[in-house]
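Here's the structure, in structure tokens; my notes come after.
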Amino acid sequence: MTLTTTTPGCPPMADREHTGGDVIRLIDTIFPSDANHHGTLFGGVALAHMDKVAFLAASRHGRAPFVTASSEKIDFAAPARIGELIEASARVVRVGTSSLGVMVELVAEDPISAERRLCTRGHFTLVAMKGEDSRLPLPPLPEDPAPVDEGTLRMVDIVFPQQTSHYGTLYGGDALKMMGKAAFVAATRRARASIVMASSDRIDFASQIRSGEMVELAARPLEIGRSSIQIGVDLLAENLLTGDRRHAATSRFTMVAVDREGRPQPIEGAEV
């Protein structure tokens, strides 16, 4: 689903204006702790998702330490409810000497019906901090965005200090949580049913992931049975300043579609 409506109140794209760079996505599930007493996503949580993905898009493009300078007025057009998927997608749309403009859209998705609705969109301005890690002027936007593999779900996140051990590297349990979430989203979108994890196969960790690095999860269906889906997940780590990317872990999860009573139910069109 592509949303192309322009954002009211966004300033003209000055400097090296462009239709936009590569899109990156942060996908999460809305749990009760993220919602208010109406059962809808807190506005502050939504803004936190948007600011995080804007930071990641800016950092991946500029390879510099960025801070958020401002955001335009953000109006919420529709709610996101407990149990739904929330997808924040960001792309760099303007590049200046030391600042970037990032457009972010927040979309809610019903996991069963696949209904998607735009909750809000906003324009964020991020500035590269001056120092040895900032190479200015910032690079221009690419003429041609990278091709997208439609068969693979890709979602990103960032590692914060509270997710790391005393060695400053990501806990294995937090890595598994990220990989399990990616498997859940990929299986849900394929089956359009309530999904539970039945098992995880052997997980191989190939590289440590450090605080401040971006993680990218690539999940894809491998085999589909009557009520189960095998999902392969790769975890990649990326240094936001150097652009160094490395394979960090691989796993395979068995996810099962269940009915209201928790019993396995058939998956429509059970073939990859």
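The values are calculated or read from the model by the stated rules, or taken from the named source; none is laboratory data. These numbers come from a predicted model, not from an experiment. Glycine also receives a Cβ, built like all others from the backbone with ideal geometry; neighbour counts cover every protein chain displayed. Surface areas here come from the heavy atoms of the whole protein model, side chains and all, with no ligands, DNA or RNA. Shrake-Rupley method; radii C 1.70, N 1.55, O 1.52, S 1.80 Å.
The figures follow:
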item: Strands (runs of 3 or more DSSP E) contained in the stretch 156-261 and holding at least 2 residues within 20 Å of the chain's Cα centre (by Cα); result: 214-224, 228-238, 245-258
item: Close pairs (8 angstrom Cβ cut-off, 6 or more residues apart or separate chains): closer than 19 Å to Ala48 by Cα and open to solvent by 40 Å² or more (accessible area, probe 1.4 Å) in the stretch 110-124, modelled with pLDDT of 95 or more and not aliphatic (A, V, I, L, M) anywhere; result: Leu118/Glu105
item: Cβ pairs under 7 Å, 6+ apart, first in the stretch 127-145 and open to solvent by 90 Å² or more (accessible area, probe 1.4 Å), second outside any loop (DSSP other than H, G, I, E, B); result: Met129/Val67
item: Failed criterion for His37 (all others in (1) free of Cβ contacts under 8 Å to residues at least 24 places away in the same chain; (2) touching a Pro at 6+ places or on another chain (Cβ under 8 Å) hold); result: (2)
item: Every pair of residues 6+ apart whose Cβ atoms lie under 6 Å, when the first sits in the stretch 170-189 and is closer than 12 Å to Ala248 by Cβ while the second is open to solvent by 50 Å² or more (accessible area, probe 1.4 Å); result: none
item: Sole residue being open to solvent by less than 40 Å² (accessible area, probe 1.4 Å) and farther than 27 Å from Pro65 by Cα, chosen from Ala186, Ala175; result: Ala186
item: Residue check, Ser200 within 28 Å of Thr242 (Cα to Cα), without any contact (Cβ under 8 Å) to a residue 60 or more places away in the chain and open to solvent by 10 Å² or more (accessible area, probe 1.4 Å); result: no
item: Sole residue being surrounded by fewer than 21 Cβ atoms within 10 Å (Cβ to Cβ), touching a residue at least 12 places away in the same chain (Cβ under 8 Å) and out of contact with any helix residue (DSSP H, G or I) (no Cβ under 9 Å at 6 or more places or on another chain), chosen from Arg220, Arg210, Arg263, Arg252; result: Arg210
item: Residue match in the stretch 47-56 (condition: over 12 Å from Val104 (Cβ atoms), open to solvent by 40 Å² or more (accessible area, probe 1.4 Å) and of a type in the set (Lys, Arg)); result: no
item: Filtered residues of the stretch 117-152 (kept if at pLDDT 85 or above, among the small types (Gly, Ala, Ser) and in a loop (DSSP other than H, G, I, E, B)); result: Gly131, Ser134, Gly151
